[in-house]
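Computed from the coordinates by the stated procedures, all read-outs in this text should not be read as laboratory data. Bear in mind the structure is a predicted one, so any value in this text is a computation, not a measurement. Cβ atoms come from the backbone with ideal geometry, glycine included; neighbour counts cover every protein chain shown.
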Amino acid sequence: MALLQKHARTFSWFITFITVCCITSCQPKSDNDFNIVLRLSHVFAPNEELTHFMDLVSARIKQKTNGAVEVLTFPQGQIAAYKDSVEMVVRGANFISVEDPSYIGDYVPEFTALVGPMLYENYDEYIALINTPLVKSWEKKLEEKGIKVLSLQYIFGFRNIISDQVIRHPDDLKGIKLRTPGSKLFIETLNAMGATATPLPWGETFSAVQQGVVDGLEGSEFTNLGTKVYETGKKNVALTNHFLGVCGVYISTEVWHTIPKQYQEIIEQEFAIGADEMVDMLKANHAKVVNELEEHGVTFNTIDRNAFKTKTRPLFESLPGVSLKMYEQIQTELAKIKGKAPVNEIP
């Protein structure tokens, strides 16, 4: 009898031990046990400012999460870039995509409209717009597609046409082949402006220019200086300001929800701080960059902006998923930002 009681006590202890172990193993790890490695991809060269800020933000995140969140940065399209980069996010990879918002426009077309041609006259207009309830509602729609926006504010300057000719009017672009990224928005815009858009990876651009495959390209003054575009012999910049050069930062909602809240807050905060710092740097350094380019023989000319706006305005009706309603919503918000009533410039 004593032996049976002893075995019963042992069996009872064993069941209790197994139950506790099961409960413990089923419980989620504490924040202290959490760690994740995220790969961050973009197409900018190692010496460009966006690369610097991505590296800086990544280092700050690692430091402030005590290594729990590590972001490994891959510049210059070393791994998935452009559409492939965003697809990695949608598929739920441990991946951060840094791309023009037109690429997430493939999932929520309003983001293509957001970075459409000839919309902004300065950085502050765009920054104010992306913080409106209108754009925040678009971000919610994007989350339903599996994409969480960490930032939309990594501005790297207005994009201009870089060639060896003076371009003032859309007619001046007839027959000129310009390198552009593979985004449909970019391709259609350059074509509408009068050029022949030629989509090429950035890594093939210089050889394409030197071999005459393209007659020029488009990009910001910071890219021009940082990658030494002027060394290709294309030293004239037409100040079209056709696009505000900007990148967003995106992560999978599925991955995002696995990250403890305290680390989510750090990640969002650091990307926001980095974006503000980059804009401040652009404003402070733009004149200096222009002066340096001029020292390398680069010249700048103004353009007939209304003529280019007239040419590109129909894109807000013809691009996939984009509608005139989106354009009008943006114009209404911009009018509020500028403190004046909307002006219907083109019937």
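Contact order normalised by length for the stretch 59-207, with contacts defined as Cα pairs under 8 Å and 6 or more residues apart; what percent is it?
On the way: 129 pairs, mean separation 22.4, N = 149.
Across the stretch 59-207, relative contact order equals 15 percent.
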Study note, to complete from the structure: Computed on Cα atoms only, the convex hull of the stretch 44-147 has an orientation-averaged projected area in nm² of 7.7
Study note, to complete from the structure: Extension length gain for THR196 and GLN165 (0.36 nm per residue less Cα distance), in nm, is 9.7 nm
Revision key, fill the gap. Computed for the chain: size of charge dipole around the Cα centre, +1 on C-beta of each Lys and Arg, -1 on C-beta of each Asp and Glu, debye to nearest 20, value 900
Practice item. Report relative contact order for the chain in percent, whole number only (criteria: Cα-Cα under 8 Å, sequence separation at least 6). Key: 22
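Compute the longest continuous run of the chain that contains no exposed trypsin sites (Lys or Arg not before Pro); treat a site as exposed when its DSSP state is not H, G, I, E or B and it has at most 10 other Cβ atoms within 10 Å. The partial results should precede the final answer.
On the way: sites that count: LYS29, LYS174, LYS340.
The segment 175-339 is the longest one with no such site.
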Check your understanding: What Kirkwood hydrodynamic radius do you get for the chain when you take the inverse of the mean 1/r over all pairs of distinct Cα atoms, in Å?
Key -> 22.1
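What fraction of the DSSP beta bridges in the chain is antiparallel, stated in percent and rounded to the nearest 5? Present the calculation step by step, with values, prior to reporting the outcome.
Numbers: 19 of 37 bridges.
Rounded to the nearest five, the antiparallel share is 50 percent.
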Review point. Hey, with R₀ at 25 Å, roughly what FRET efficiency would LYS338 and LEU239 work out to, going by the Cβ-Cβ distance, to 0.05?
Key: 0.75
Check your understanding: Which of the listed residues, HIS296, ASN32, MET281, is farthest toward the dipole's positive end in the chain, when Lys, Arg count +1 and Asp, Glu count -1 at the beta-carbon?
Key -> ASN32
**Study point:** Over the chain: helical MRE at 222 nm, DSSP H runs n ≥ 4 each giving -39500 (n - 2.57), nearest 500
**Key:** -14000 deg cm²/dmol
Practice item. With a point put 7 Å past each Cα toward its Cβ, work out how far ALA59 is from GLN210 in nm, to one decimal. Key: 3.2
Exercise for review: For the stretch 210-347, build the charge dipole from Cβ charges (+1 Lys, Arg; -1 Asp, Glu) around the Cα centre, then report which of THR232, PHE271, GLY339 sits farthest towards its positive end.
Suggested key: GLY339
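Looking at the chain, identify the longest residue range that excludes and avoids all GluC sites (Glu not before Pro) in DSSP loops having at most 12 other Cβ atoms within 10 Å. Walk me through the intermediate numbers first.
Values: sites that count: GLU144, GLU345.
Result for the longest clean stretch: 145-344.
For every other residue with a beta carbon closer than 13 angstrom to the beta carbon of GLN210, add +1 if it is Lys or Arg and -1 if Asp or Glu, then tell me the sum. The partial results should precede the final answer.
On the way: positive: ARG179, LYS228, LYS234; negative: ASP164, GLU204, ASP215, GLU231.
Surrounding charge for GLN210 is -1.
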